[in-house]
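Have a look at the structure below before the remarks.
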Amino acid sequence: MTRRPELSRWLLVLGAFAAFVAAVAGYARATLVDSDRFGQHAAEAVRAEPVREAIATAFADQLIAQEPQLISARPILISGAEAALGGRAAAGVIARAAADVHRGLLTADQRSLVVNLADLTVVVQAYLRSTGASEQAARLDGTPSQVVTTISDRTVGTQVAHIAGKIAWIAFVAPIVALLALGGGIAAAGDRRRGLRDAGLALLAVGALVLTLQVVLQATLQRHLLPAASPEIADAIFGAFLGDLGRWALCLGGAGALLAAAAASLLQPIDLTDLPRHAWAAATRAPMHTRGRVLRAAALLAAGLLILGSPQGALTLGASLVGGWIALLGLTGLLGLLVGPPPDAGTAPPLRRVSVAAATAAAFLVPTTVAILIAASADSGQAKPATADRGCNGTTALCSRRLDQLVFPTVHNANSNAADGYLNANNGPNIPTQLNMGIRGLLIDALAGQRNADGVVRTDLRGATEDQVVGQIGKGGLAAAQRLAGSVAFGPIAGDTRLYLCHVLCELGASDAVTQFEQIADWVRTHPRQVLMIFIQDEAPAAMITKALKDSGLADFAATLPASGPQPTLAQLIASGRRVVLLAENRAGAPWYPAGFDLVQDTPFKFDSAAELRTDASCRDNRGKADAPMMLVNHWIETYPPNPRNADVVNQKALLVERARRCMRLRDRAPTLLAIDFPERGDVVGAADELNREPLPPVSGSAATTP
């Protein structure tokens, strides 16, 4: 008999381990190995808004990659795809595609797997037509018939296929082992009531461990599979795929807790039918001390507010408590019949009771602590941006060069980009991405506007006429803005206005200026050896622009340039901490925000073909003072909407270098700002690097020596 308790404990440990394996293997078999269930979970994940937005964006970008002209309609494509993904038709497409991927990965075939989402194009077209966006739907007719992703590395899939066959066997055997071991542990116990209680505690510990495993898996998989995903996207995806594991854990833990409580009531009998009466008496009895009365009043107030605020939730909670109490009554009665009346001398020694309590606490505290630590560290270790690079703007050779002896690769209408949701955008990536690509000059447009109840920014067109707007964006662009905003009111708008970065009309796309300036300031702060030039087309009051620059912190980096004579070198600007040159196109606002065309001359900016960019006429004088030391070379084909295919031609490094040298020779100035559209196409950064390796001419009449 002395060995029976020890045998019971070992059998219960074996049963708990087998139950843990059974829960994990059963979950994996039901959720991850079955292709159709996998597809259903994928469709469930897509219903979450962050995931829908991410998939819609990726889907639109793949369409744009196949038909670049669609970039002008990217916001409409994304909104259409996002809305369509919320419907049943798209859910079916996603589920079928995910199931096909799953089946393909679970085969031992080493050939590449192709995932086709062309059906999603049809769903998006149908949605766009149903909402009146027939023009955008028609533009999808010309896209390729396949929207595909290719998975070439099948090594992981082959390994998973090998493991999947074993999971089914484990999921069948482990529950049998768990039942036999737990049953043997209960039978081998000196007192079956204690055996039942310990078995319940073992299942409770298994539930806590499975719940811990869910947290560990989510943190680990997010770190390795979705390192760049936002927490919202990761939570939605893993919630869909790992949610069942958490529910399995709660079921196991709940069953264990119920069994342990019922067995404990048999060891020390209590009348469970009196539990509601005792609970009500405890809630309504006034405590003796003031602190207790305060706590009781606060608890009752909170409970009352919860019931008033969420009656359905309160009913659900009440039903759960009543159901648990009834189940406990039934289980206690059943166990009483099975194990008989309690023995006369059966209370556990004090040390035994302490050890059981300690084991129970450990079953909760250890896994919970581990889970909290893992969850807390899931976002740690993220790479911080580089805070230093060598030299000046990437090389020590440029440190002694003056601003008028340098070439800055520059983006025209940098704020008008598809990534920030602009319609008919001039560029693909947003400004921080442009800077990370090597762009060091930004041409941006600042306008006053007012965001309406629908989230559309209405432009303050004070002093502008319809003909002026049509001259810049065409009748089609104005018509698109009219559809988005209801109408475009020419003249001032009523109410308070804010500063936005827009292109001609904020109705076609707008970014809060302070937010954009803050992003630039953050980039400058983390790149202390880089100098930027920003030329602002100011269609808003100078005071509004300078205030936004100050509020964002970008003004703290603004350099004050001399009005005449030699300009500062990159080394001098970096040493001063004033590493951002801010220029106003129309009206100066501060010494650090001067009139740009007092310091810069430019070339024409309206060209209809690449051939025009190869002529001397493309370099003729346009704007700027005759003695301005720097030059802006405008290098793009003017169309509306802007066409990325044109950029594929004119942004080629050879053409950029050829034109820059031509303008430098004809104008006797370095092409300080070499401005293009669509910086993700061609090689403007490479062109600037090549030009910066050459001895650029000093401005006529300026000092030849570096100050």
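The values are calculated or read from the model by the stated rules, or taken from the named source; none is laboratory data. Since the structure is predicted, the reported quantities are computational estimates derived from the model, not experimental observations. Every residue, glycine as well, gets a Cβ built from its backbone with ideal geometry; the counts of neighbours run over all protein chains shown.
When you look at ILE64, is it outside the structural domain of GLY207 (by TED's automatic domain parsing), assigned to a helix (DSSP H, G or I), out of contact with any Asp or Glu (no Cβ under 6 Å at 6 or more places or on another chain) and at pLDDT 75 or above, yes or no?
yes
Among the residues of the stretch 649-680, what is the count of those that are in contact (Cβ under 8 Å) with a residue 60 or more places away in the chain and either under 29 Å from the mean Cα position of the chain (by Cα) or not in a loop (DSSP other than H, G, I, E, B) (or both)?
Counting residues in the stretch 649-680 that are in contact (Cβ under 8 Å) with a residue 60 or more places away in the chain and either under 29 Å from the mean Cα position of the chain (by Cα) or not in a loop (DSSP other than H, G, I, E, B) (or both) gives 11.
For the stretch 597-617, which positions are in contact with a strand residue (DSSP E or B) (Cβ under 9 Å, 6 or more places away or on another chain) and closer than 23 Å to GLU658 by Cβ? Scanning the stretch 597-617 gives VAL600, GLN601, ASP602, THR603, PRO604, PHE605, LYS606, PHE607. Only residues that are buried (at least 19 other Cβ atoms within 10 Å of the Cβ), under 10 Å from ALA542 (Cβ atoms) and at pLDDT 95 or above were counted in the stretch 573-594, giving 2. Would you confirm whether any residue within the stretch 40-52 is of a type in the set (Asp, Glu), modelled with pLDDT under 75, outside the structural domain of VAL210 (by TED's automatic domain parsing) and more than 19 Å from the chain's Cα centre (by Cα)? Within the stretch 40-52, none of the residues are of a type in the set (Asp, Glu), modelled with pLDDT under 75, outside the structural domain of VAL210 (by TED's automatic domain parsing) and more than 19 Å from the chain's Cα centre (by Cα).
Select from the stretch 510-539 the residues that are more than 24 Å from GLN450 (Cβ to Cβ), touching a Gly at 6+ places or on another chain (Cβ under 7 Å) and not in a strand (DSSP E or B) and list them in ascending order. Matches in the stretch 510-539: ALA521, ARG529. One residue stands out among those in the stretch 187-244 that are modelled with pLDDT under 65 and not in a helix (DSSP H, G or I): the one that is farthest from THR57 (Cα to Cα), which is PRO227. One residue stands out in the stretch 603-617 among those that are crowded, with 20+ Cβ neighbours inside 10 Å and touching a residue at least 40 places away in the same chain (Cβ under 8 Å): the one that is farthest from LEU403 (Cα to Cα), namely LEU613. Which one is farthest from the chain's Cα centre (by Cα) among residues in the stretch 404-424 that are buried (at least 24 other Cβ atoms within 10 Å of the Cβ) and part of a helix (DSSP H, G or I)? Step by step, filter the stretch 404-424, then rank; the result is GLN405.
Being in contact with a helix residue (DSSP H, G or I) (Cβ under 8 Å, 6 or more places away or on another chain) and modelled with pLDDT of 95 or more is a property that holds for VAL407.
So which residues in the stretch 425-439 are surrounded by fewer than 22 Cβ atoms within 10 Å (Cβ to Cβ) and not in a helix (DSSP H, G or I)?
Initial filter on the stretch 425-439 (surrounded by fewer than 22 Cβ atoms within 10 Å (Cβ to Cβ)): 429-430, 432-433, 435-438.
The answer is PRO429, ASN430, GLY438.
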